[in-house]
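Reading through the C-alpha cells given below for one structure.
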Amino acid sequence: MSLDKAQWLDELAESLSDRGWISFDITPWLGAELLQSLQQEIVVLDQSDALKIAGIGRGSEPVRDRSVRRDKIAWLQGDTPSQAALFEFLHDLRLGLNQRLFLGLKRFEAHYATYHRGDFYKAHVDSFQGRASRIVSLVLYLNDDWQPADGGALQIYSRENESEADGLILPEAGRVALFMSEEIRHEVLEAQRTRYSLACWFRQDVIPLPLSALI
Ligand code: OGA
Ligand code: MN
C-alpha cells in the first residue's frame, strides 16, 4: 500500500460527500505503537473507575437514560504523549477535510468510551439539525481480536433512508468509522465483552461549552 496522505484524504472526503460515511484502518497512519498506548490508557482508566456514565441531550445536567446509552466515558485533554500525538493527527485531519469539503471545522473534542458486557447505544445522530455544532464524527476502536459473536458492532444506517442498514463495523483495533454527525444515524449493538473506543467530533463552533452541556 502506498502511503500518500493527500490521496488518502481525497478518498475520505469523497466518501463523506458521496455516502456520508467511510470505515478504514488507521494503523498505517498512527502506527501500531501509538494505538497500543492509547489502548493501555483506556484499560487503566476503566480499571481505575475513572470513566463516568455518559449523558444524553443538552442542558445543564445531561440526562442519564440507561435505556438509550450505557457507555462510560472520559474526555481527553491531550496531555499525555500519546494523546498529544493523536491530537496532532486529528488537527491535520481537520485541516485536510476543511481543504476538501469546506466544512469550516474549527476544533475537535474527544473522549474514551467503554461498553461493558450488555451495554449498547441505541440508534441516534450525533448532532441536532441546525445547531451546526458537531459536524464530523470519528470513532477509533481499541480492541484486539474482536469476533462477530462479541457483538458491539457499529450499525450504520443509510443517509437516504434512515431505517435501511448501510454498513456494520466491527470495533477491531485500528479500525475507524468516520461519518457526518447530523446525517448518519448509527447504533452500537449490545456488546458481549468489554469494548474500548475513542470518539472524536469535529466542530464548527469556536468556544468550548462547559462539559456538562455536551451531548
Ligand atoms: C457515540 C457513538 C459509536 C461507537 O459515542 O456517539 O455513536 O461505535 N459511538 O462507539
Ligand atoms: Mn454517536
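The numbers here are math on the coordinates, done by the rules we state, and not lab data. Since the model is a prediction, treat every value here as computed from it, not as a measurement. Cβ: placed from backbone, ideal geometry, glycine included. Neighbour counts: every protein chain shown.
Taking Cβ atoms as reference points and 13 Å as the exclusive limit, the residues near Ser48 contribute a net charge of -1, counting Lys and Arg as +1 and Asp and Glu as -1. Neighbours of Ile22, meaning other residues whose beta-carbon lies under 15 angstrom from its beta-carbon, give a summed charge of -3 when Lys and Arg score +1 and Asp and Glu score -1. So if I take the centroid of the Cα atoms in the range 66-110 and the same for the range 133-173, what is the distance between those two points in Å? Between the Cα centre of the range 66-110 and that of the range 133-173, the gap is 17 Å.
Here the simple spin-label model places points 7 Å from the Cα toward Cβ, and for Thr27 and Asp92 these points are separated by 1.9 nm.
Straight Cα distances below 23 angstrom link Lys122 to the lysines Lys52, Lys72, with same-chain residues fewer than 8 positions distant left out. Note on the chain: along the principal axes its Cα atoms extend 39, 39, 36 Å, ordered by decreasing extent. Here the 3J(HN,Hα) profile of the range 188-195, calculated from phi with Karplus coefficients 6.51, -1.76 and 1.60 at θ = phi - 60°, is 9, 6, 4, 7, 9, 8, 4, 10 Hz, Gly and Pro shown as x.
Residues whose amide H comes within less than 5 Å of that of Arg185, counting only those at least five positions distant or on another chain, are Tyr157 (H built at 1.01 Å from N in the peptide plane). Can you compute the label reach from Val206? Point 7 Å from Cα along the Cβ direction, backbone N cut-off under 15 Å, restricted to the range 105-126. Residues 105-108 fall inside that zone.
Between Lys106 and Asp79, how high is the FRET efficiency from 1/(1 + (r/R0)^6) when r is the Cβ-Cβ distance and R₀ = 30 Å? Nearest 0.05.
0.90
Under the 0.36 nm per residue contour assumption, what length would be gained going from the current alpha-carbon distance of Ser48 and Asp145 to full extension?
Using 0.36 nm per residue and subtracting the Cα-Cα distance, I get 32.6 nm.
Each residue of the range 8-25 is assigned a 3J(HN,Hα), and the resulting list reads 4, 5, 4, 5, 4, 4, 5, 5, 4, 7, 6, 10, x, 7, 7, 10, 7, 9 Hz, derived from the Karplus form 6.51 cos²θ - 1.76 cosθ + 1.60 (θ = phi - 60°), x at Gly and Pro.
Over every Cα atom in the range 103-204, the radius of gyration and the widest Cα-Cα span, Dmax, amount to 13.5, 40 Å.
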